[in-house]
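Asker: Pasting a structure here, questions to come.
The values are calculated or read from the model by the stated rules, or taken from the named source; none is laboratory data. Computed from a predicted model, the values in this text were never measured in an experiment. Reconstructed Cβ throughout: ideal geometry from the backbone, glycine too, with neighbour counts over all protein chains shown. Ligands, DNA and RNA are stripped out before the accessible areas are found, and what is left, the full protein with its side chains, is counted by its heavy atoms. Shrake-Rupley method; radii C 1.70, N 1.55, O 1.52, S 1.80 Å.
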Amino acid sequence: MAINDIIQNLSVIENRIATACSKSGRSRDEVRLLLATKTVSVERIKIALAAGQTLIGENKVQELKEKYDGLKDMPHENHFIGHLQSNKIKDILQYDVSCIQTLDSIDLAQKLHNRLAVSQQQIEVLVQVNTSTEKSKFGIAPTEAAKFCKALQQFHTLKIKGLMTIGLFSAETEKVRACFKILKNVQQQIAAACLENIEMKELSMGMSHDLETAIKEGATIVRIGTAVFGERIYPDSYYWNESNN
Ligand SMILES: *Cc1c(COP(=O)(O)O)cnc(C)c1O
């Protein structure tokens, strides 16, 4: 894809976000654009960063590692948006990831904490919630999320900032919206419990095809890949299923 296409696509996305914000009565700066960069080359990511983008997200520690040197001279922030396996924790902490959006087990939290405690570091995390109840997707069940957050309070190295979900893949907007509403409800429920050390400000939801619905339902971070960088060769199941990680 040519340079101009990425820049053009970014401006289309920016317009979609701005329009969705204004239609929802929200301010544009309540929503951050995260570029989902799985399979995207360093050269193409650099085009987006040079055009003023500041936040990217990778799904695999291996890709994060491969692109790290190529991107480290360009100021940007990195979130991790893939399923994190505990044997990759040591690696991921070497690549300046500021937020892990996919925390989904106490075991993972414990192992992250153990590593971070040794080096006296902290990291931001979002709790991934499975709002579509599809077995193929990771995440805590909505009904378990509050209990899970309480259990996370013991880990002072983890700064819990909010929730993340991958909604249902469906052309039916109302079904997708139901997923986002679930995430919002879970957020409100946890926020109402006023748990110490648990912030519930961030809602990471919405992708290329459903960002408008997500913004309407309260997204603070939308994660966009295809609409900026074009179609990927690998199906998303390659990135979302355990067996392939
Ligand atoms: C790939 C990916 C996205 C972006 O999806 P697009 O449909 O390409 O915009 C968002 N979130 C996660 C977790 C992803 O893996």
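Asker: Enumerate the pairs (first residue in segment 1-15 and outside any helix (DSSP H, G or I); second residue anywhere and modelled with pLDDT of 95 or more) with beta-carbon separation below 8 Å, excluding pairs fewer than 6 apart on the same chain, so at least 6 apart or on different chains.
Answerer: Met1/Arg44; Met1/Phe229
Asker: Right, next: Does Lys159 satisfy the criteria of being within 17 Å of the chain's Cα centre (by Cα), farther than 20 Å from Ile106 by Cα and at pLDDT 95 or above? Reasoning before the result, please.
Answerer: Values: within 17 Å of the chain's Cα centre (by Cα): yes; farther than 20 Å from Ile106 by Cα: no; at pLDDT 95 or above: yes.
The answer is no for Lys159.
Asker: Restricting to segment 34-86, give me the number of residues that are in a loop (DSSP other than H, G, I, E, B) and farther than 24 Å from Ile160 by Cβ. Quick ask: steps written out before the conclusion?
Answerer: Of all residues in segment 34-86, those in a loop (DSSP other than H, G, I, E, B) come to 37-41, 51-54, 59-60, 72-76, 81-85.
Going one step further and asking which of them are farther than 24 Å from Ile160 by Cβ, we end up with 37-41, 51-53, 72-75.
The total comes to 12.
Asker: Is there a residue in segment 74-84 that is farther than 30 Å from Ala146 by Cβ, without any contact (Cβ under 8 Å) to a residue 12 or more places away in the chain, in contact with a helix residue (DSSP H, G or I) (Cβ under 8 Å, 6 or more places away or on another chain) and surrounded by fewer than 19 Cβ atoms within 10 Å (Cβ to Cβ)? Walk me through it before giving the result.
Answerer: In the first step, residues of segment 74-84 are kept if they are farther than 30 Å from Ala146 by Cβ; the result is 74-76.
Add one more test, that the residue is without any contact (Cβ under 8 Å) to a residue 12 or more places away in the chain, and what stays is none.
The answer is no, given that none of the residues of segment 74-84 is farther than 30 Å from Ala146 by Cβ, without any contact (Cβ under 8 Å) to a residue 12 or more places away in the chain, in contact with a helix residue (DSSP H, G or I) (Cβ under 8 Å, 6 or more places away or on another chain) and surrounded by fewer than 19 Cβ atoms within 10 Å (Cβ to Cβ).
Asker: Could you please find all residues in segment 163-213 being open to solvent by 80 Å² or more (accessible area, probe 1.4 Å), touching a Gly at 6+ places or on another chain (Cβ under 7 Å) and in a loop (DSSP other than H, G, I, E, B)?
Answerer: Of everything in segment 163-213, nothing turns out to be open to solvent by 80 Å² or more (accessible area, probe 1.4 Å), touching a Gly at 6+ places or on another chain (Cβ under 7 Å) and in a loop (DSSP other than H, G, I, E, B).
Asker: What pairs come out if I take residues in segment 121-138 that are among the aromatic types (Phe, Trp, Tyr) and pair them with residues that are open to solvent by less than 50 Å² (accessible area, probe 1.4 Å) and in a loop (DSSP other than H, G, I, E, B) whose C-beta lies under 7 Å away, six or more apart or interchain?
Answerer: Pairs found: Phe138/His83; Phe138/Asp104; Phe138/Asn130.
Asker: Hey, can you tell me all the residues within segment 1-38 that are among the β-branched types (Val, Ile, Thr) and under 18 Å from Ala50 (Cβ atoms)?
Answerer: Our first condition is that a residue be among the β-branched types (Val, Ile, Thr); within segment 1-38, this holds for 3, 6-7, 12-13, 17, 19, 31, 37.
Residues satisfying the conditions are Ile3, Ile6, Ile7, Val12, Ile13, Thr37.
Asker: Does segment 97-109 contain any residue that is open to solvent by 60 Å² or more (accessible area, probe 1.4 Å), assigned to a helix (DSSP H, G or I), closer than 22 Å to Lys150 by Cα and of a type outside the set (Val, Ile, Thr)?
Answerer: The first filter runs over segment 97-109 and keeps only residues open to solvent by 60 Å² or more (accessible area, probe 1.4 Å), leaving 106-107.
Filter again for assigned to a helix (DSSP H, G or I), leaving 106-107.
Those left that are additionally closer than 22 Å to Lys150 by Cα: 106-107.
Those left that are additionally of a type outside the set (Val, Ile, Thr): 107.
Within segment 97-109, one or more residues are open to solvent by 60 Å² or more (accessible area, probe 1.4 Å), assigned to a helix (DSSP H, G or I), closer than 22 Å to Lys150 by Cα and of a type outside the set (Val, Ile, Thr).
Asker: Take the residues in segment 1-54 that are acidic (Asp, Glu) and more than 23 Å from Tyr234 (Cα to Cα); name whichever of them is most open to solvent (accessible area, probe 1.4 Å). Outline the logic, then answer.
Answerer: Our first condition is that a residue be acidic (Asp, Glu); within segment 1-54, this holds for 5, 14, 29-30, 43.
So of that shortlist, the ones also more than 23 Å from Tyr234 (Cα to Cα) come out as 14, 29-30.
Numbers: Glu14: 67, Asp29: 136, Glu30: 84 Å².
Of everything passing the filter in segment 1-54, Asp29 is most open to solvent (accessible area, probe 1.4 Å).
Asker: May I pose another question? Tell me whether segment 145-160 contains one or more residues that are among the basic types (Lys, Arg), closer than 19 Å to Leu34 by Cα and open to solvent by 30 Å² or more (accessible area, probe 1.4 Å). Step through it out loud before you land on a result.
Answerer: Here is the first cut: in segment 145-160, the residues among the basic types (Lys, Arg) are 147, 150, 159.
This time we only want the ones that are closer than 19 Å to Leu34 by Cα, so: none.
No, segment 145-160 contains no residue that is among the basic types (Lys, Arg), closer than 19 Å to Leu34 by Cα and open to solvent by 30 Å² or more (accessible area, probe 1.4 Å).
Asker: So, one more: Test Glu66 against the stated conditions and say whether it is under 20 Å from Ile100 (Cβ atoms), among the acidic types (Asp, Glu) and open to solvent by 70 Å² or more (accessible area, probe 1.4 Å).
Answerer: yes
Asker: If you scan segment 120-162, which residues turn out to be in a loop (DSSP other than H, G, I, E, B) and aliphatic (A, V, I, L, M)? Reasoning before the result, please.
Answerer: Our first condition is that a residue be in a loop (DSSP other than H, G, I, E, B); within segment 120-162, this holds for 120-122, 130-139, 141, 153-157.
Hit for segment 120-162 is Ala141, nothing else.
Asker: Does Gly225 qualify as being of a type in the set (Gly, Ala, Ser), within 13 Å of the ligand (Cβ to nearest atom), touching a strand residue (DSSP E or B) at 6+ places or on another chain (Cβ under 8 Å) and open to solvent by less than 20 Å² (accessible area, probe 1.4 Å)? Quick ask: steps written out before the conclusion?
Answerer: Values: of a type in the set (Gly, Ala, Ser): yes; within 13 Å of the ligand (Cβ to nearest atom): yes; touching a strand residue (DSSP E or B) at 6+ places or on another chain (Cβ under 8 Å): yes; open to solvent by less than 20 Å² (accessible area, probe 1.4 Å): yes.
Yes, satisfied.
Asker: What number of residues within segment 115-140 are out of contact with any strand residue (DSSP E or B) (no Cβ under 8 Å at 6 or more places or on another chain) and either open to solvent by 40 Å² or more (accessible area, probe 1.4 Å) or under 27 Å from Glu77 (Cβ atoms) (or both)?
Answerer: Number of matching residues: 12.
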